[in-house]
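K.L.:
First the structure, then my questions, so here it is.
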Amino acid sequence: MPKFISLYNNKGGVGKTTLSLFFSDFLASITINKKRSKVLVIDFDPQGSSSNAILGIAAVSDIKNSNLTLPHAICEKNKGKDIEINDYVFSRDEKEDFKTRKTKLGKLDVIISSPEFINEFEENSTLNKSLKLSNWLKEQLSDDYDFIFIDLPGNISKRNGFSLIGAFLTDYFIIPTELNRININAIPLTLQILDNIKEWGGERNKYELLGFVLNKADKRSKQYKLHIDELSQFANMKECKVFKCVLPPTPKLSNATDDSIENFTLSDKYDSYYPNVRSLVLEVIKDLGYSLKKKSVAS
Ligand SMILES: Nc1ncnc2c1ncn2[C@@H]1O[C@H](COP(=O)(O)OP(=O)(O)OP(=O)(O)O)[C@@H](O)[C@H]1O
Ligand SMILES: [Mg+2]
């Protein structure tokens, strides 16, 4: 069974998409039990940032023209059509490192988003429809992947029936946040939304909140020292943790998701930032029961 993971915060621009891409990139490049792990990203954000970052704008545009997007699949299924979700899955190919002849940057699959068809679906959506469609997606995808990342937009309410499908799919939520007053103030609403999702999902669609990941953080900064205790209190209240590994701010990040740059390995791609990504992903997946030896981790 794949693990369905969402990096979610109601607040915009905190790194939901960026971290989903880090996690999926990294996990697609490692072996678990001697098998290259299989990773899928499902883009639930109509802005399509993760779709573009994985496949590039030109490929995404072609796929949109062929109507092979997630909102289209959902709309058709909702109308009772027979849909094969695999027809909507597209791949970023594995990259080969020509110097070592080793494949390093893993194959990554994505189901892309688009603004079209979301309104059509949401005009008559109900919680029950979102639940049914989420369970349908889960069944369709169950055998194929080890990890499935769901990139959600910030707003999730009863009116966002489309995003709710992604929220109901989630087994594990992680909250990326920055440590400053504005972000701390946004946490209660994010927790409230996660509580709503739990209530609306009922018994069948349970999830676990793993904890908070600090993005653009500097442990020596005044902001960090000022706000870390408050964040820890939220974590205690929700019986989850603040992950020890943080991601520092980096101007290099824009290159990390630039599809026009050819990278063959994770360390090509993330450069001096790579150890941060590596440590964070390893810390998080340990909580999912994976304790990886150094050998299985590509660089
Ligand atoms: N650690 C970092 N250092 C520097 N820039 C970062 C870092 N993390 C994210 N960014 C940048 O911040 C911006 C917002 O990040 P991102 O799109 O991942 O946020 P988001 O939470 O998905 O936003 P949205 O709510 O719009 O979906 C992006 O331009 C991204 O490149
Ligand atoms: Mg995003």
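Only the coordinates and a few stated rules stand behind these numbers; no lab work does. In this text the structure is predicted, and so the values were computed from the model without any measurement. Cβ placement follows ideal geometry from the backbone for every residue including glycine, while neighbour counts extend to all protein chains displayed.
K.L.:
Assuming R0 = 25 Å, can you tell me the calculated FRET efficiency for the pair Ile32 and Tyr224, based on Cβ-Cβ distance, to the nearest 0.05? Don't skip to the answer; put the middle values down first.
P.N.:
Working: r = 33 Å, r/R0 = 1.32.
It comes out at approximately 0.15.
K.L.:
With all distinct Cα pairs included, what does the Kirkwood hydrodynamic radius of the chain come out to in Å, to one decimal, could you say? Before the final figure, lay out the partial values.
P.N.:
On the way: mean 1/r = 0.0511 Å⁻¹.
One over the average 1/r among Cα pairs gives 19.6 Å for the chain.
K.L.:
Please report the net charge: other residues with Cβ closer than 13 Å to the Cβ of Met1, K and R +1, D and E -1. Write out the running numbers ahead of the final one.
P.N.:
Values: positive: Lys3, Lys38, Lys138; negative: Glu139, Asp143, Asp144, Asp146, Asp171.
Value of the local net charge: -2.
K.L.:
For the range 129-187, with the dipole built from +1 on Lys and Arg beta-carbon atoms and -1 on Asp and Glu ones, taken about the Cα centre, which of Thr170, Gln140, Ile182 lies farthest toward the positive end?
P.N.:
Projecting each Cα onto the dipole axis, the largest value belongs to Ile182.
K.L.:
Residue by residue through the range 222-232, what is 3J(HN,Hα) from phi via Karplus (6.51 cos²θ - 1.76 cosθ + 1.60, θ = phi - 60°)? Round to whole Hz and write x for glycine and proline.
P.N.:
5, 4, 4, 5, 5, 10, 5, 5, 5, 5, 4
K.L.:
For the cross-link pairs Lys222/Lys286; Lys104/Lys269; Lys38/Lys77, which exceed 20 Å when the distance is taken from alpha carbon to alpha carbon? Please list the in-between numbers first.
P.N.:
Values: Lys222/Lys286 30 Å; Lys104/Lys269 11 Å; Lys38/Lys77 25 Å.
Listed pairs above 20 Å: Lys222/Lys286; Lys38/Lys77.
K.L.:
Another question, then. Per DSSP helix of 4 or more residues, -39500 (n - 2.57); summed, then divided by the residues of the chain. What does that give at 222 nm, rounded to the nearest 500?
P.N.:
Details: 12 runs with 126 residues, N = 299.
The helix contribution divided over the chain gives -12500 deg cm²/dmol.
K.L.:
Then there's this: Tell me which lysines have Cα within less than 18 Å of Lys198's Cα, excluding those fewer than 8 residues away on the same chain?
P.N.:
Lys3, Lys129, Lys132, Lys138, Lys158, Lys206, Lys238
K.L.:
Let me ask another. Translational diffusion coefficient of the range 1-115 at 4 °C, 1.567 mPa s, Stokes-Einstein with Kirkwood Rh over Cα pairs, in µm²/s as a whole number.
P.N.:
Details: Rh = 15.3 Å.
Taking Rh from Cα pairs, D becomes 85 µm²/s.
K.L.:
Report the label-to-label distance for Asn276 and Thr126 in nanometres (one decimal), using points 7 Å from each Cα along the Cα→Cβ vector.
P.N.:
4.7 nm
K.L.:
Under 5 Å between amide H atoms, partner at least 5 residues away or on a different chain: which partners does Val41 have, H built in plane at 1.01 Å?
P.N.:
Hits under the 5 Å cutoff: Asp109, Val110, Ile111, Phe149.
K.L.:
Also, I was wondering about something else. Taking loop as defined by DSSP and a crowding limit of 10 other beta carbons within 10 Å, which GluC sites (Glu not before Pro) in the range 24-114 fit?
P.N.:
Glu84
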